[in-house]
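What follows is a set of notes on a single structure, which appears directly below.
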Amino acid sequence: MTPVQWETLIRDNRTFRRKVLGNNIRDRFKNFRRRGSQPEQLQQLQTDLLAESALDSAYIILIISSCAIATLGLLSNSAAVIIGAMIIAPLMLPIRGLAFGALQADITLFRKGVVAVVVGTLLAIAIAWTLGWLVGLPSYGSEVLARSRPTLLDLGIAVAAGGISGYAKIETKISGSLAGTAIAVALMPPVCVIGLGLAQGNWSLSFGATLLYLTNLLGIALSCMVTFVVAGYTSMARARQPLIWTMALTAILLIPLGVSFARLVRQAQLETSLRKALLNRTVTFGRLQLLNSNTNWLTNPPEVRLSVRAREPVTPRQVELLEEFIKREMGQAFTLIFEVGQVEEIRRSEPTP
């Protein structure tokens, strides 16, 4: 066989494989949508979602336990405890119900989902407020503060997690991934932070947590709707209006989330520039070893906590000079707080003659 014939055979083989692969993908997608359009599958999904959206004693118990665990984890600044509360994820279930109810114009399912979400949210806020008031911490840790500054990244996480949650409902083979999805989107901790902020009278903290909660809720609902439409459980003509309304509400959140994301990028750039300026352009850091730095952007001016090791103590005058230098270099004032660990050389004693 000549080289030209070999090239023709290889090209025809590749074309045939692409056609077969494309046909297989299209056939699988058609079968996937055809299964969702079957009356028995649709009825089964509606029955399951009605059961999940019910405001019953089991749901209330899950809300109380999840909220208590999450709030105590936030107060103790323990990420492991907070993750334990995320796995329970009672709020995830009625959100899927109200999303499907909106698509199908099923007033009963939509109303049950909305009532379950609203009652669960208000109950969790009340429990978190009570625990925060009883404990009475003067300030909260990083786990609380981290849930008061949502950005566009959080919306992306909510959309992705909501899509997986909706798909896990119609595909039983991956239903086990719902726990991981709940951890990723984290509905309960922001609700608890709302209550903790109210307990302190910290309105900015509660507002930021409310924005994060709404971002997660709308992101999950929107992506669940899209998943149900793609799976063929409803027609695009019927789903158009609820999808438009949900996208419009989500678009409103893009403004504060975009501003917060731009601020996050700016803060990261400033922190990098600050570290470089301190390490490379100051005499003080020529004899210090920087271990870690953390910036609190909620104070004015921002506080930069620097963990260092030194053979000699850092004096207040040195800190003052460094703050003046940073203000000139960065065009913004910072408060520097040094956490100094003294370096001391210890050798074994000389043996006696």
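Before moving on, here are some points about what is shown:
- Some residue of the range 142-153 being of a type in the set (Asp, Glu) and either farther than 19 Å from Ala68 by Cα or outside any helix (DSSP H, G or I) (or both): no
- Picking from residues in the range 255-299 that are in contact with a Pro (Cβ under 7 Å, 6 or more places away or on another chain) and in a strand (DSSP E or B), the one that is most open to solvent (accessible area, probe 1.4 Å) is Asn296.
- Subset of the range 211-226 (residues that are over 15 Å from the mean Cα position of the chain (by Cα) and surrounded by fewer than 22 Cβ atoms within 10 Å (Cβ to Cβ)): Val226
- Among all residues of the range 231-240, there is none that is open to solvent by less than 50 Å² (accessible area, probe 1.4 Å), within 19 Å of Glu339 (Cβ to Cβ), of a type in the set (S, T, N, Q) and in a loop (DSSP other than H, G, I, E, B).
- Cβ pairs under 9 Å, 6+ apart, first in the range 99-110 and in contact (Cβ under 8 Å) with a residue 12 or more places away in the chain, second of a type outside the set (S, T, N, Q) and not in a helix (DSSP H, G or I): Phe100/Asp106; Phe100/Tyr233; Leu103/Tyr233; Gln104/Tyr233
- Checking Val191 against (1) touching a helix residue (DSSP H, G or I) at 6+ places or on another chain (Cβ under 8 Å); (2) part of a helix (DSSP H, G or I); (3) farther than 19 Å from Ser148 by Cβ, the condition it does not meet: (3)
- Exclusive hit being at pLDDT below 60, closer than 23 Å to Ser223 by Cβ and in a helix (DSSP H, G or I), set Arg26, Arg34: Arg34
- Residue within the range 277-284 that is without any contact (Cβ under 8 Å) to a residue 40 or more places away in the chain and among the basic types (Lys, Arg) present: no
The values are calculated or read from the model by the stated rules, or taken from the named source; none is laboratory data. Only a predicted model underlies this, so the values are computations on that prediction, with no experimental measurement involved. Please note: Cβ atoms are built from the backbone with ideal geometry, for glycine as well, and neighbour counts cover all protein chains shown. Surface accessibility is based on the protein's heavy atoms, side chains included, excluding ligands, DNA and RNA. Shrake-Rupley method; radii C 1.70, N 1.55, O 1.52, S 1.80 Å.
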